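Below: one structure, written as structure tokens.
The values are calculated or read from the model by the stated rules, or taken from the named source; none is laboratory data. In this text, all values refer to a predicted model and were calculated from it rather than measured experimentally. A quick note on method: Cβ atoms are made from the backbone with ideal geometry, for glycine too, and the neighbour counts reach across all protein chains shown. Only protein heavy atoms, including side chains, enter the accessible area calculation; ligands, DNA and RNA are left aside. Shrake-Rupley method; radii C 1.70, N 1.55, O 1.52, S 1.80 Å.
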Amino acid sequence: MSNDNERITRLEETIAYQAKTIEELSDQLAEQWAVVEQVRTKLDRLTERFLSLEEQSLDAPAITRPPHY
């Protein structure tokens with residue numbers, strides 16, 4: 001009977017450790033997801049800015065040689 005109690009105790013300890021590990025991993029995943037969302041937002045803003053700058057550069061006059069050449 002003592003052997004069974006020790007076995008149950010070890011199983012309970014293992015389950016408690018695994019539950020703690022899962023909770024920590026879940027917290028880390030939530031933090032990483034927040035970072036991914038921030039990076040995605042910044043990338044979207046930079047893409048919009050780049051496209052607007054690209055459009056502005058298309059409207060600029062063509063570079064030509066000065067008349068004294």
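Let's see how each residue does on (1) of a type in the set (Asp, Glu); (2) touching a residue at least 40 places away in the same chain (Cβ under 8 Å); (3) open to solvent by 100 Å² or more (accessible area, probe 1.4 Å); (4) out of contact with any strand residue (DSSP E or B) (no Cβ under 6 Å at 6 or more places or on another chain):
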{"residue": "ASP4", "(1), (2), (3), (4)": "yes, no, no, yes"}
{"residue": "ARG10", "(1), (2), (3), (4)": "no, no, yes, yes"}
{"residue": "ALA19", "(1), (2), (3), (4)": "no, no, no, yes"}
{"residue": "VAL35", "(1), (2), (3), (4)": "no, no, no, yes"}
{"residue": "THR41", "(1), (2), (3), (4)": "no, no, no, yes"}
{"residue": "ARG45", "(1), (2), (3), (4)": "no, no, yes, yes"}
{"residue": "SER52", "(1), (2), (3), (4)": "no, no, no, yes"}
{"residue": "ILE63", "(1), (2), (3), (4)": "no, no, yes, yes"}
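Would you mind stating whether LEU25 is more than 9 Å from the chain's Cα centre (by Cα), surrounded by 10 or more Cβ atoms within 10 Å (Cβ to Cβ) and of a type in the set (A, V, I, L, M)?
yes
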